[in-house]
Each structure stands twice: as structure tokens, then as C-alpha cells.
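Right, one structure below, let's go through it.
The values are calculated or read from the model by the stated rules, or taken from the named source; none is laboratory data. Because the structure is predicted, anything quoted here is derived from the model rather than measured. Methodologically, a virtual Cβ is constructed for each residue, glycine included, from the backbone with ideal geometry; neighbour enumeration extends over all protein chains shown. What goes into the accessible areas is simple: the full protein's heavy atoms, side chains included, and nothing from ligands, DNA or RNA. Shrake-Rupley method; radii C 1.70, N 1.55, O 1.52, S 1.80 Å.
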Amino acid sequence: MKPLADPASLREQYLQARAAAIERFRRTQDPDALSRTLGHATDRALRGLWRAIRPGRQAALLAVGGYGRGDQFPHSDVDLLIVRADEVDATLLQRLEGFVGACWDCGLPIGHSVRTGAQCLEEARADITVQTSMLEMRWLAGNRALADELADGLAAELDVRAFFSAKLLEMRQRHARYDDTPYSLEPNIKESPGGLRDLHVILWIAGAAGLGRSWPELQRRELITASEAAQLRRNERRLRRIRAWLHVLAGRREDRIVFDLQASVAEALGLMRADARRSSEELMQRYYWAAKAVTQLNTIVLQNLRAALFPAPDAQPEPIDAEFRNLLGMLDVVDPECFVRDPASMLRAFLAMERHPELSGMTTRTLRALWHARTRIDGAFRREPAARALFMQILQAPRGVTHELRRMNQWSILGRYLPVFRRIVGRMQHDLFHVYTVDQHILMVVRNLRRFTIAAHAHEYPFCSELMSGFDRPWRLIVAALFHDIAKGRGGDHSKLGRLDARRFCRQHGVARADAALIEFLVEHHLVMSSVAQKQDLSDAEVIARFTALVKTDERLNALYLLTVADIRGTSPRVWNAWKGKLLEDLYWLTRRVLAGEAPSAQVRIDARRAEAVRVLGLYAIGPERYEPFWRQLDAPYFLRNDPQDIAWHTRVLHAFADTTKPVVRARLAPIGEGFQVVVYQPDQPDLFAQICGYFDGRNLSVLDAKIHTTEHGYALDSFVLVDPAGPTHYRDILVQVEAGLAQRLARPGELPPPVRGRISRRSRYFPIEPSIDLRPDERGRQFLLSVVANDRTGLLYGIARVLGRYRISLHTARITTLGERVEDVFLIDGEALRNPREQLQFETELLAELRA
């Protein structure tokens with residue numbers, strides 16, 4: 001009999017062994033050796049502590065769960081099951097309590113339960129997770145007969161088919177919790193789709209069915225091929241290595257690849273680049289590649305296991321052509337070797353999916369054959385005219401384009417055919433507004449464009465659907481979408497580099513010169529329309545003239561508008577809003593009129609807006625005797641910068657207060673989209689804009705747009721569009737509160753309080769934007785354009801307004817553009833301080849300090 005070990009010495013031995021294992025991992029980066037060594041150290045400590053309590057033959061100590069299968073990481077839980085006899089000595093439970101306390105004293109993070117064998121079986125019947133954990137049990141110490149009896153009971157009650165169905169349901173539910181994508185910004189390396197748990201599911205089911213508990217065993221059973229086994233093992237090791245580093249660097253159990261640790265893990269893996277942002281992107285691209293491969297192999301192997309456990313009834317396939325057939329609603333390849341003999345048949349498979357809407361997917365053997373043959377798509381294949389013609393047919397198909405491009409990407413065919421696309425597969429963009437990898441974003445833009453062509457989705461963006469219905473050869477937009485961001489991550493201007501890639505593609509695929517010119521134009525200028533609409537003054541005829549000179553034709557304007565809407569919608573659910581949609585549509589119609597021959601005359605636009613405002617006012621029985629005195633105080637810029645509907649609203653609610661000495665505040669629901677509008681009218685005063693922004697800041701309201709105007713008789717007429725950034729709000733309920741609260745605040749302005757320094761997001765904290773300002777005279781040299789780029793946070797606009805107020809700078813317009821967690825604001829300003837070089841430098845320095853605060 002081994003001598004009993006002192007708990008203190010066991011603790012010392014365990015901690016030393018653990019520290020040595022981690023130090024060895026730092027040198028070798030071998031996650032399997034780390035896991036084995038930690039497991040052995042844990043086994044030794046637990047057995048020593050178990051012997052110390054002298055439980056006799058009344059109980060057995062079992063390792064279960066991840067610890068049971070020997071899957072230990074530096075801060076993994078140690079899952080234990082203590083199986084006791086039905087009849088036990090009265091002192092046993094006290095001894096077991098002492099054992100549990102000794103484990104924690106030893107530094108072992110145990111999770112334990114004490115059950116009889118019958119209780120274990122009852123819990124396993126009720127909970128698939130408990131059953132799975134017990135199926136991985138491993139005897140450590142105590143009465144082995146109790147462990148064997150439990151194992152026999154579990155085996156006797158195991159229904160393999162029910163177990164398979166339950167684990168698949170559990171996997172689908174787990175995937176749903178992680179948004180059904182491996183491409184999360186901070187994926188859980190264990191639980192997310194494509195994570196380690198997806199590999200565990202395969203081995204759990206195979207083990208339960210007696211088909212093998214390791215990749216070599218599954219290979220011997222011909223459930224996977226040698227190359228599949230190698231891929232599974234390689235990607236499993238990559239994921240396990242990242243998980244080990246997460247634990248080591250975090251100093252705790254951390255299975256999420258959080259922003260805080262991405263750069264550190266990248267450095268540990270030798271992926272250090274010029275800055276933390278690039279290092280993180282490199283790490284995440286490697287992770288996404290591995291997760292994508294795991295997802296592919298998980299699909300293949302689970303379908304093979306399904307076929308082994310649930311033999312399909314004999315079904316008569318329906319021929320589609322010489323290569324493919326319809327097998328129970330799935331595309332089935334007649335001869336899997338055809339993909340190897342003739343790689344073009346891989347493209348024909350996806351084309352067949354587009355042409356046959358009755359097909360819901362591809363059979364396992366078809367997917368498997370595609371995956372194995374993907375490497376046959378090489379340079380020689382890409383140069384074949386037949387292959388190029390097939391790819392163009394896939395892009396030009398009337399239906400199924402989005403589904404098949406996504407399927408091609410999922411099974412690594414798209415990146416093989418377009419090597420430039422392969423470079424951006426899994427590339428994350430830490431620009432604080434894209435929430436998808438570049439490849440997923442591109443395919444989301446394709447999806448958005450395709451939805452414009454589908455009648456069932458016409459209610460989503462009616463104007464886009466209307467434009468698309470009259471757009472000839474819409475496949476040109478699909479090609480432009482594929483290439484618009486394809487040069488991300490190369491350095492340089494991705495729009496210009498992408499245009500060169502698009503030109504090369506069009507030339508190789510025989511695209512007509514005029515069509516190629518449109519595609520190149522769209523790729524190079526895909527950001528321009530959004531920038532002009534959101535950052536420039538659309539009331540300025542010269543802005544419209546310059547944009548019109550760029551687009552030149554109606555077709556280019558229509559195409560650029562459609563691509564821009566699809567692009568913005570494809571960055572993040574948080575980026576698009578109705579206000580941005582209105583700005584884009586305003587720019588579209590202003591440009592369309594100039595293209596139609598209408599001279600960009602300011603007076604013509606003013607007259608048109610006044611006439612429409614008069615028509616709207618007539619609906620409220622407001623005649624010239626009431627609106628003309630009010631309008632005489634308003635100059636041309638006011639009518640140019642405001643819509644007729646807004647002019648009519650301002651007139652209707654303010655004309656009776658033309659010479660008021662008190663603040664007048666009115667609010668209404670935004671006519672377009674969510675949010676609400678506020679108009680403020682009162683004698684102008686210093687710091688008015690800051691006072692207003694301070695009130696909005698205090699109510700946690702976000703300003704989307706601000707128009708600041710001073711009337712001929714020295715009154716401020718300032719209007720704002722606001723939303724609640726926390727989410728949908730019953731805005732109607734707060735309109736009266738805002739009217740009364742803001743009016744009260746402005747009636748007693750007082751000293752400006754310091755802004756609330758709101759917390760920025762974790763993503764912004766670890767991948768911050770370097771704040772920047774750009775101050776330059778406008779086109780006429782009369783006023784100044786101030787452009788600001790910074791991380792978004794509560795109180796930012798108010799802080800900017802306070803700096804403007806301190807230097808007595810007048811604000812004429814403000815375009816507030818929030819892109820996820822990034823703001824790009826443009827202000828039209830004026831003031832004496834801007835014409836004094838020393839004061840201008842002081843102003844810029846102070847403003848930059850405010851952005852960094």
C-alpha cells in the first residue's frame with residue numbers, strides 16, 4: 001500500500017507540475033502535451049487526496065466530461081463524479097465533504113456530484129448533457145466495481161439513434177446561441193460553430209455507436225478518409241493551441257477570443273504584425289479558416305454517421321443530366337470521380353442548383369467529392385474558356401445566385417476560382433462598423449442586391465426595387481459587389497486596387513467593354529455617394545455639379561445608388577437608418593435633375609421648395625398673411641437646406657412667435673424612419689448649440705443631423721433629428737417632455753456643465769481609432785469645413801460644441817454620421833478665430849484633446 005501523502009505536499013507537487021507544464025507549453029506550443037501533463041498531475045493529486053480520506057469500498061471516484069476524456073487546459077474545470085453504494089457508513093459523507101474541501105485547498109477547481117448508480121442512470125435519462133458527460137467517465141480511484149456497474153447500465157440504456165438526434169438538436173441550439181456563424185467578432189473557441197465542441201460531437205456520436213473514439217479509428221472504419229483525418233487533426237490542434245494560450249494569457253478560464261487578448265495571442269503564436277490591429281486580424285483570419293474547415297468536416301462526417309445509423313430507404317433517383325441526378329430532393333453526383341477528371345463539373349454542380357429550384361441541397365457524397373476535388377481548381381483550370389463561361393453563367397442566373405455563391409464559399413470553391421477572393425476569406429475589419437469578415441460582407445452585399453430583384457422583398461426598399469426592375473443586365477452589379485472590397489487588407493486604396501482586379505476579371509471573362517467600364521466605375525467609386533450624401537452640403541449647387549460630373553449618366557447613377565444602399569446595409573445592422581436613406585435619395589434626385597438638363601440654379605430650387613411649402617401650409621389653412629412675415633426673416637440658405645415639409649412645419653409651429661423673447665421648442669415624430677425632430681427658435685445667444693447638445697446628452701439622445709440658422713433679425717432657428725441609441729423607444733411619449741425640458745433649460749442657460757464621459761465599447765478600447773480633424777476653407781472660401789473622426793461615446797458632440805462655443809465659432813450645419821462605433825462628423829463653421837493662425841492652431845489642439853478625452 002502506498003503511504004498517505006500530506007495534502008500540503010500534494011498541493012505543492014500539483015502546482016509545481018502545473019507550472020512546469022505551462023512553461024513547457026510556452027516553449028513547445030504543443031497543446032496535446034500540455035493537456036496530457038495537466039491531466040496526469042491532476043490525477044496524481046486527486047488519487048492522493050482520495051486515499052487520505054480512506055473511503056473503503058463504499059465509493060468510487062470518476063473523472064467525467066472534458067476531464068474524463070483527458071482534455072485539460074490550464075484553467076479547465078475538473079469534473080468529478082463520486083459514485084457511492086446504496087448503503088454507506090454514516091461517516092462516509094463527512095469524509096467526502098473533507099475530500100471536496102481538500103481539493104479546493106489543493107488548487108483544484110472541481111465540479112462534483114455524489115450519486116448512487118441508480119441516481120446517475122435516472123439523471124442520464126433526463127438530460128442529454130449529463131448522459132454525454134457520463135459516457136466519457138474514467139475511473140480514478142475507489143471501488144472499480146461501482147464504476148463498471150454504472151458503465152454497464154449506461155451502455156444498456158443507450159439508444160444510439162435517439163442519442164444522435166438529441167446531440168444534433170443540441171448542436172443546432174448551441175449554434176443558434178452564437179448566431180449560426182463561426183465569424184463572430186469574439187468567437188467562443190469551444191462553443192461557437194466551427195469550434196472544438198463541433199469536433200467533440202462527432203466523437204461522442206461515433207463512440208456511442210461503437211464506431212470509434214478517435215480520428216484514426218474513424219478512418220479505419222472508413223467513415224473518414226486519410227486526408228479528412230489529417231485535416232481534422234490539424235485544425236483541432238490549431239484550435240486547441242489558441243485555447244491554451246487564451247487560458248495562459250488570461251490567467252483564468254477564458255474560451256472567448258476576446259478583443260483584450262487577440263493581439264497577445266497573435267504575438268504568442270508568432271503572428272505579430274506592425275500594430276495590434278493587424279496582428280488581431282491575422283490571428284482571426286487563421287482562426288476563421290480553421291473554424292470553416294471544422295464546419296465543412298463536421299457536416300460531412302455527421303452525414304456519414306447519419307447514413308450509418310439511419311440507412312435511407314431505396315429511392316429511385318431522377319436523372320438531371322449525364323453528371324447529376326435528383327436524389328430525394330438533393331443534388332447527387334452520378335460519379336464522384338467526375339470532379340477529379342473534369343474540374344469544370346464542379347461549377348456545373350452549382351449551376352445545376354440554380355437551374356433546379358426543386359433541389360434543397362447537395363448529398364453528402366457530392367459535398368465530399370467537391371471538397372476533395374477543390375484543389376483541382378488551379379491556374380490552368382482558371383484559364384480555360386469553358387470554366388470562365390460557366391462561372392459567368394452562375395453570376396448571370398436569374399435565381400439562386402446568392403445561395404450558390406455562399407455554398408461555393410462555404411466549400412472553398414469560390415476562393416479557389418477567384419484567388420483574390422480567397423485572400424479576404426476570414427479577414428476581419430476592425431474599423432468599428434463592419435461586423436462581418438470581408439468575404440461575408442461581400443456576399444451580404446450580393447444578397448442585398450438580389451433581394452432588390454425579388455417581388456416578395458419589394459416592400460423593404462420600394463425605390464431600390466423600382467430602380468432594379470428597370471436596370472438592364474443586373475449581373476453587372478453582382479460582379480461589382482464581388483470586387484468592391486476584394487482588395488481590403490493589402491495596403492493602399494482598396495477601391496483603386498479592386499478596380500484593377502475587376503478590370504482583369506472582365507478582360508479574362510469576355511465582358512463587353514461598356515459593361516466592364518461600368519463595373520470598374522462602381523468598384524472604384526463605391527464609397528463616393530455615401531460620402532457626399534452624409535458629409536457634404538446637398539444644398540450647395542457646386543456639390544451636386546461635381547457629383548453629377550463624376551457619374552455622367554443615369555445608368556451609372558442608378559447602379560451606384562443601388563450598390564451604395566446594398567453596401568451600407570451589408571456592413572452591420574446598426575449602421576443603416578432611414579435618415580441615411582433619405583440623404584442618399586435626396587442626392588439621387590438632385591443629381592437626376594441635373595442629368596436631365598435642369599440647370600443647378602439655387603433660385604429655381606428655392607422657388608420650388610417655397611411653392612411646395614405653400615401647398616402644405618394650405619392644408620392647415622395658413623395663408624400668406626401668416627407665413628410671409630415669418631419668411632421675410634429667412635434667407636436663401638435656409639430654404640436651400642430644408643425640405644419643403646420641414647419648412648412648412650417650422651412655419652406652422654413658429655410663425656406666431658416671430659418676435660418672442662422666450663425659447664420656443666417644438667418636436668414631432670420623424671416623417672421618415674424612426675426618431676423625432678426638434679426645432680428651437682429664440683433670440684440667438686452664445687453657446688446656444690452647446691446648451692442644446694448638453695440637454696440631449698443628459699437624456700442620452702443621439703443627434704443624427706443638425707441645421708443651424710440665424711434669421712435676418714437675429715433669431716436662432718435650429719433643427720435636429722434625434723434617436724435613442726439604446727434602441728427602439730416610444731418617441732411619442734417623450735415629445736412633450738423634450739419640448740418642456742429643453743425650453744426650461746434654454747430659459748435659464750447658466751454655465752455649461754462638463755460633459756459626461758461615457759464609456760466606450762470594449763472593441764473601441766482595444767482597437768481605437770486615432771482621432772483626427774481636418775479644417776479647411778469651403779469651395780468659396782467664405783466658411784470652413786471641419787471634419788472629425790473619432791470613437792463614438794456619450795457626450796462627444798456636446799464636448800465638441802463646448803469647444804466651438806469657447807472660441808465663439810458659429811455653426812451653420814452639422815452632419816453627424818455614426819458608423820457602428822465610429823463617428824465621422826462634418827461641420828460648416830465660421831468665426832474670427834479661424835482666420836487667426838495662432839487661434840486656429842489653439843482651437844484644433846483643444847478640439848483634438850476633447851476627442852481623445
Q | the chain, relative contact order [Cα under 8 Å, separation at least 6], % | A | 7 percent
Q.
Rolling a 1.4 Å sphere over the protein heavy atoms, what is the accessible area per residue of the chain, to the nearest Å²?
A. 43 Å²
(Q) Checking the a/c ratio against 1.5 first, then a/b against b/c, what shape does the Cα gyration tensor give for segment 24-107? (A) prolate
Q) For GLY831, which sequence-distant residues (separation of 5 or more, or a different chain) have an amide H within less than 5 Å of its own amide H, given hydrogens modelled in the peptide plane? A) SER810
Q: Give me the angle, in degrees from 0 to 90, between the Cα long axis of helix 344-355 and the longest principal axis of the Cα atoms of the chain, rounded to the nearest 10.
A: 60 degrees
Q.
What is the sum of charges, Lys and Arg at +1 and Asp and Glu at -1, for the other residues whose Cβ falls under 13 Å from the Cβ of PRO398?
A. +2
Q | Rounded Å value of the spacing that divides the Cα centres of segment 288-307 and segment 663-695 | A | 56 Å
Q | Between segment 147-174 and segment 327-402, the alpha-carbon center distance in angstrom | A | 37 Å
Q: Rounded to the nearest Å, what's the spacing between the alpha carbon centres of segment 552-575 and segment 69-95? Just the number, please.
A: 61 Å
Q: Would you mind calculating the gained length between ALA602 and ARG253 on full extension (0.36 nm times residue separation, minus the Cα-Cα distance), in nm to one decimal?
A: 119.2 nm
Q) By how many nm would the segment from LEU550 to ARG782 grow when fully extended, if each residue of separation counts as 0.36 nm and the alpha-carbon distance is taken off? A) 81.0 nm
Q | Nearest-20 debye value, the chain charge dipole, Cβ charges on Lys, Arg, Asp, Glu | A | 1920 debye
Q) Taking the Cα-to-Cβ direction at LEU93 and at SER214 and moving 7 Å from each Cα, how far apart do the two end points lie in nm? A) 4.2 nm
Q. What lysines could a cross-link reach from LYS496, if we take a straight Cα to Cα line under 18 Å and drop same-chain neighbours fewer than 8 places away?
A. LYS488
Q. For segment 1-131, what relative contact order do you get, as a whole percent, if you take Cα pairs closer than 8 Å and at least 6 residues apart?
A. 25 percent
Q | Per-residue HN-Hα couplings for segment 369-381 [Karplus 6.51, -1.76, 1.60; θ = phi - 60°; Hz; x = Gly/Pro] | A | 5, 4, 4, 6, 8, 4, 6, 6, 7, 10, x, 5, 5
Q: Report the charge-dipole magnitude of segment 626-701 in Debye, nearest 20, computed about the Cα centre from +1 at each Lys and Arg Cβ and -1 at each Asp and Glu Cβ.
A: 260 debye
Q. Going by alpha carbons, how many degrees (0 to 90, nearest 10) lie between the helix axis of 144-157 and the longest principal axis of the chain?
A. 60 degrees
Q. For the chain, what % of the accessible area comes from carbon and sulfur atoms, probe 1.4 Å?
A. 51 percent
Q.
Sort 488-501, 229-242 by the packing proxy (mean of other Cβ within 10 Å over each peptide's residues), most packed first.
A. 229-242, 488-501
Q.
5 Å is the cut-off here: which amide hydrogens, built 1.01 Å from N in the peptide plane, fall below it relative to TYR715, excluding neighbours closer than 5 in sequence?
A. ASP684
Q. How long is the gain from LEU619 to ILE22 if the chain were fully straight, where each residue apart is worth 0.36 nm and the alpha carbon distance is subtracted?
A. 207.1 nm
Q: Report, by chain and number, residues whose modeled amide H sits under 5 Å from the one on ARG427, excluding near sequence neighbours (fewer than 5 apart, same chain).
A: VAL438, ASP439
Q. In what sequence, largest accessible area first, do GLU186, GLU751, GLU628, GLU674 appear using a 1.4 Å probe?
A. GLU751, GLU674, GLU628, GLU186
Q) In deg cm²/dmol, rounded to 500, what helix-only [θ] at 222 nm does the chain give when every DSSP H run of at least 4 residues adds -39500 (n - 2.57) and the total is split over its residues? A) -17000 deg cm²/dmol
(Q) Between helix 196-208 and the chain, what is the angle of the helix's C-alpha long axis to the longest principal axis, kept within 0 to 90° and rounded to the nearest 10? (A) 30 degrees
Q.
Around PHE452, under 12 Å between beta carbons, what's the net of Lys plus Arg minus Asp minus Glu among the other residues?
A. +2
Q: For segment 613-738, build the charge dipole from Cβ charges (+1 Lys, Arg; -1 Asp, Glu) around the Cα centre, then report which of PHE689, THR660, ASN700 sits farthest towards its positive end.
A: THR660
(Q) Please state the shape class of segment 622-698: rounded when a/c is under 1.5, otherwise prolate if a/b exceeds b/c and oblate if not, all from the C-alpha gyration tensor. (A) oblate
Q.
Between ALA230 and HIS40, how high is the FRET efficiency from 1/(1 + (r/R0)^6) when r is the Cβ-Cβ distance and R₀ = 30 Å? Nearest 0.05.
A. 0.65
Q: List, in order, the whole-Hz ³J(HN,Hα) value for each residue of segment 12-26 obtained from phi through the Karplus relation with A = 6.51, B = -1.76, C = 1.60 and θ = phi - 60°; use x for Gly and Pro.
A: 4, 5, 5, 5, 5, 5, 5, 5, 5, 5, 5, 5, 5, 5, 4
Q. Shape call for segment 540-631 from the C-alpha gyration tensor, a ≥ b ≥ c root eigenvalues: rounded (a/c under 1.5), prolate (a/b greater than b/c) or oblate?
A. oblate
